[in-house]
Amino acid sequence: MTTKGLEFAGHELSRATLDACVKCTICETACPVSAVTPLFSGPKFVGPQAERFRNGESVDHSLDYCSSCGACTLACPQGVQIAELNSQARAVMKADHMPVRDQLITRTTLMGMMMTPVAPLANAALHNKPIRAIVEKVIGIHRDAPMPPAQTQTLQGWLKKRKAPTRKATRGPVVFFHGCAGGYFEVETSKKSIEVLEYLGYEVIVPKQGCCGLAQQSNGLFDQASAAVLKLCDELRSGGKDLTIISSSGSCTGMLKHEAHEIMGVSDDRLKDVGTRIRDMMEFLLDLHDAGELPTDFQAIDMTVPYHAPCQLKSQGMGQPAVEVLKLIPGLTVVESGAVCCGIAGTYGLKKEKYEVAQAVGKPLFDMVKRTNPDLALCDTETCRWQIEQSSGVKTEHPVWMVHRAYGLS
Amino acid sequence: MRKLAVDVVVIGGGSTGAGVVRDVAMRGYSAVLLDRADLGQGTTGRFHGLLHSGGRYVVSDPMSATECAQENAILARIQASAIETTGGYFVTCPGDDPAFADKFLAGAAATGVPAREIAVAEALRNEPRLNPGIMRAVEVEDGTVDGWQLVWGAANSAKAYGAQVLTYHAVTRIDREGNRVSAVHCTDLKSGEEVVIDCNFVLNCAGPWAGQIAHMAGADPVDVIPGRGIMIAMNHRLVNRVVNRMIYPADGDILVPVHTVSIIGTTDVKVDDPDNLAIEQDEVQQMLDAGEVLIPGFRNARALHAWAGARPLIKDKRVAAADTRHMSRGMAVIDHTERDGLDGMLTIGGGKLTTYRLMAEHIVDAMCEKLGETRECRTAKENIPGPEATRNYVVTHRLEEREHDRLEEQIICECELMSRKMFTEALANQPKGTFDDLRRQLRLGMGPCQGGFCTTRATGIALETDHIDIERANGLLRLFLKNRWIGLWPILYGDQVRQTALDNWIFQGTLDVEHLPQPESEVAL
């Protein structure tokens, strides 16, 4: 490993923001992890305070209890990049001893590629208790942690086999970014997003694409993550110059919009180009509505549904577009969860030593979801949906499913 | 009145006095160290914290350069926990004469100061904030030193050899019997008690105040010219090595990473009174400009605190009296027998923190010679015991300690990661101390919030553990805040303004400290 704290291009910038900290403690009150466990010393301590004592050598390994949810950075009224500092310090910490598990669970594309052809077998294994016990012991993934459901068909497989869209593309082309999860596991969400976009009159271009590197980034594997995100930028740019890029993979969108630059210091024109063109699916729909270009001839859906805005969506600073769009559907009552985080934070809640913490973080959300509607919840990001579904027993969908339904597409 | 009798009275509890009392005690003399305030409260605690490699003086003062190089190696060994071996760079900044580096390298070779020219790219890689326009870079063995730990280490070592250390004891009179010094009178400022110490010898190590002490003994005035210098601590380590400008010694040419901060300094202005050191606004601006040359964007970084110290330079007839920078940094032992016909007293001046041990060795050698005795100096050979005595300090130490006790210990000073236990232990050792006395040992209130959050916690704990009563608690709290403000006013710009505003809301708005019950006389020490 070549990663040393002071060598990150982005580190000097994040470190400079610690000058703005006035110790007000607002970040501590926003942190969902330190609220449930004393093992994590809290964002103010681990971020702007501890950073003054760092010189490239890692001595505070408890910082790894930070889930990287970013609630601290979002809450800070002074502009301190608290979560970013923590992520950078974690990369330094893990540079010399990266657990095999953290190498494995970050290979999301590989997981999808291996599991899809043997989906029934893979799913059986994931639900087999003795197998999960062995996995926990050997690799360190908690036996009860949610795992993605393997699908029998990838998104690319569906795109190849489906009939060409019949509706004429009146609004020109857009590029769709599905992410690893949207390509292999959450295929249905990608399909529904594409169908909604086509219904609205867009030609949807889906270039062959790999992983954004987010899981590697949040596990401190900056070198690999930086290479992955730039490769992805090339792939998305191949879809067409200046086209809007749309994604229903909320956290991967955040990686392209700001995390790759702010946390890892990737400073590349290709990233800048993609980062400024990319829109979250619900954000895109709301932009259309604000411009008076979104058809609102929605069918009524008489239902009260809980909606959880994921931490990695909130950190993009675009408000909660899903709430605004879903309000347009007659009969539908959306109840915001008010929860900071579901606890999973990407791969955090999978880990044996973090599982209990993640469950405690998510508990108020799970209770709220069960209370509000025991049959359905909405949430924009994949791992959060798996977490909510696993821990509350309530089926959890991307909000675009509702839009798809309300347009009469399902 | 209390009476004591010792062989030697050492006056002045800065680095020199502490080094001297240790040396005296190790050579088997009974000794007392006196200071009118706390240890290291004068010049020692008010400078850069630079442990010179000698590089600064290779061209201007070769003898000092050699002494620094030798003492640097000794101190890093015998007082490891007070010293961080950061290393240092001398860099040629845009506009500086690149040829000076050649003189520098030649001077380093001649004076025995380890120095090696490195590629500019290497310097920039290791210190990414450095001015990318630097033309040459030379690596030297500069380090940083915590002056207070250095002084306390030496004083504690002296105590282990039987010496007494009396802080807050102000010398009021020096008696003579005929031509010989016979006793020192002082007042215990905390209790008001008079103390008379019969002695055989007085070693005057009062630095900028040495002239005043010599005068009490009836000697002709010693020309000590206090050279005032200001320093500004920046919020975090902008560099991890000492960075010096590759020029003939000038103002604001050194940036030193000490503990969690980096310190830019210094200026040099002749003053008359070492007790009245102003921090002039133009000098603050001058320092910020100087920082900008070394680190572009320096002015946007957060300044925490400014202070001024006074160099104890002994007047040297080779240079004009107003030009203090170019007087000899070398130490001078003044023999009052030859000069004033006064036996039993020596005065030392000049020198620098880095050479404090050597200064002590010289003055104690001179005393032994006068007493006609041969006692060997052993201060360079014996390590000063302390926590982790053989391990050099590094900035990560406190974070590492808090990592280990984070589940049991409360943190009282969040900025400097001072635990409750650290505070209560220091308080038990120095129950009459002010919070500033404890600060110098613990770094309480020295971080970004400058006491905003820790002062009330510290006061509460001191009160709750019955070390102080409520009247003293209120007084100490006000005193601490007042003293912090002295160093805040001169640098009120940028991020630190927001901090002081918040602190002010807390103390005046929420806690209303200005309307605490007023005592008959305010707590001053």
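With the simple model of a label 7 Å out from the Cα in the direction of the Cβ, B:H185 to B:R378 spans 3.8 nm. The alpha-carbon atoms of the protein assembly as shown define a convex hull whose volume equals 185 cubic angstrom per residue. In order along segment B:120-134, phi translates into HN-Hα couplings of 4, 4, 5, 4, 6, 5, 6, 10, x, 7, 4, 3, x, x, 4 Hz, rounded to whole numbers, per the Karplus curve 6.51 cos²θ - 1.76 cosθ + 1.60 with θ = phi - 60° and x for Gly and Pro.
Taking a threshold of 25 Å on the Cα-Cα distance, which of the pairs A:K168/A:K208; B:K270/B:K352; A:K163/A:K327; A:K160/A:K231; A:K44/B:K432 fall above it? Too far apart for the 25 Å limit: A:K163/A:K327; A:K44/B:K432. Pairs of Cα atoms nearer than 8 Å and 6+ residues apart set the relative contact order; for chain B it is 18 percent.
Rolling a 1.4 Å probe over the protein chains gives B:H404 an accessible area of about 140 Å².
Residue by residue along A:30-42, Cβ atoms of other protein chains within 10 Å of the local Cβ number 1 on average. Annotation: B:T337 carries an accessible surface of approximately 50 Å², with a 1.4 Å probe and no ligand, DNA or RNA atoms counted.
Close amide H partners of B:L342, meaning residues 5 or more places away or on another chain with modelled amide H under 5 Å apart, are B:T337.
Cα centroid separation, segment A:315-333 to segment A:70-108: 29 Å. Computed with a 1.4 Å probe on the full set of protein chains, the accessible area for B:D97 sits at about 90 Å². Where does the charge balance sit around B:T424 when Lys and Arg score +1, Asp and Glu -1, over other residues with C-beta under 14 Å from its C-beta? Computed value for this residue: -3. The Cα center of segment B:238-255 and the Cα center of segment B:488-511 differ in position by 30 Å. The simple Förster model, with R0 at 25 Å and r as the Cβ-Cβ distance, assigns B:E464 and B:A524 a FRET efficiency of 0.60. Each of B:F100, A:I26, B:P431 was scored by the projection of its Cα onto the charge dipole of the protein assembly as shown, and the greatest displacement toward the positive side belongs to A:I26; charges sit on the C-beta of Lys, Arg, Asp and Glu. Computed from point charges on the beta carbon alone (+1 for Lys and Arg, -1 for Asp and Glu), the dipole magnitude for segment A:282-369 about its Cα centre is near 580 Debye.
Remark: segment B:8-132 is approximated by an ellipsoid whose semi-axes, taken from the C-alpha gyration tensor as √(5λ), come to 35, 16, 13 Å, largest first.
Residues A:D380, B:D466, ordered by accessible area of protein heavy atoms at a 1.4 angstrom probe radius and largest first, appear as B:D466, A:D380. From largest to smallest, the equivalent ellipsoid semi-axes obtained for segment A:98-201 from the alpha-carbon gyration tensor read 34, 14, 10 Å. Computed over protein heavy atoms with a 1.4 angstrom probe, the accessible surface ordering of A:V206, A:V36, B:V181, largest first, is A:V36, A:V206, B:V181. Would you please classify the overall shape of segment A:295-406 from the alpha carbon gyration tensor, given that a ≥ b ≥ c denote the square roots of the eigenvalues, rounded means a/c under 1.5, and beyond that prolate means a/b larger than b/c while oblate covers the rest? The shape class here is prolate. Taking θ as phi - 60° and the Karplus parameters 6.51, -1.76 and 1.60, the scalar couplings of segment A:163-179 work out to 6, 4, x, 8, 5, 6, 7, 8, 10, x, x, 9, 9, 10, 10, 9, x Hz in sequence order, x denoting glycine and proline. With a Förster radius of 35 Å applied to the beta-carbon distance between B:V513 and B:A250, the computed FRET efficiency rounds to 0.25. Each peptide among A:352-359, B:79-86 gets the average number of other Cβ atoms lying within 10 Å of its residues, and from highest to lowest they stand as B:79-86, A:352-359. Computed over the Cα atoms of segment A:1-118, the ratio of the radius of gyration to the Kirkwood radius (Rg/Rh) comes to 1.04. Look at the alpha carbon pairs under 8 Å that are at least 6 residues apart: their mean separation over the length of chain A gives a relative contact order of 17 percent.
Residues whose amide H lies under 5 Å from that of B:Q164, counting only those 5 or more places away or on a different chain, are B:A31, B:V32, B:L33; hydrogens are built 1.01 Å from N in the peptide plane.
Considering every alpha-carbon pair of chain B, the percent of pairs per 10 Å bin, from zero through the bin containing the longest distance, is 4, 18, 29, 27, 16, 5, 0. The 1.4 Å probe gives accessible areas that order A:R270, B:R472, largest first, as A:R270, B:R472. Short to long, the 10 Å bins of the Cα pair-distance histogram for segment B:78-120 hold 22, 43, 25, 9, 0 percent of all pairs. Which of rounded, prolate or oblate describes segment B:397-515 when judged by the alpha-carbon gyration tensor and an a/c cut-off of 1.5? Oblate.
Looking only at chain B, where both bridge partners belong to it, what percent of the DSSP beta bridges are antiparallel (to the nearest 5)? Given both bridge residues lie in chain B, the antiparallel proportion sits at roughly 70 percent. Amide H contacts for A:R279 (H built 1.01 Å from N in the peptide plane; partners 5 or more residues away or on another chain; cut-off under 5 Å): A:I245, A:I246, A:S247. So for the pair A:A124, B:H215, with labels modelled 7 Å out along Cα→Cβ, what separation do we get in nm? Result for the modelled spin labels: 9.9 nm.
Taking the Cα-to-Cβ direction at B:E338 and at A:A360 and moving 7 Å from each Cα, how far apart do the two end points lie in nm? Output for this residue pair reads 7.4 nm.
Remark: the Cα gyration tensor places chain A in the rounded category, a/c being less than 1.5.
The values are calculated or read from the model by the stated rules, or taken from the named source; none is laboratory data. Keep in mind that what you see is a predicted model, and the values were worked out from it rather than measured. Neighbour counts run over all protein chains shown; Cβ positions are idealised from the backbone, glycine included. Just the protein is used for accessible areas: all its heavy atoms, side chains included, with ligands, DNA and RNA removed. Shrake-Rupley method; radii C 1.70, N 1.55, O 1.52, S 1.80 Å.
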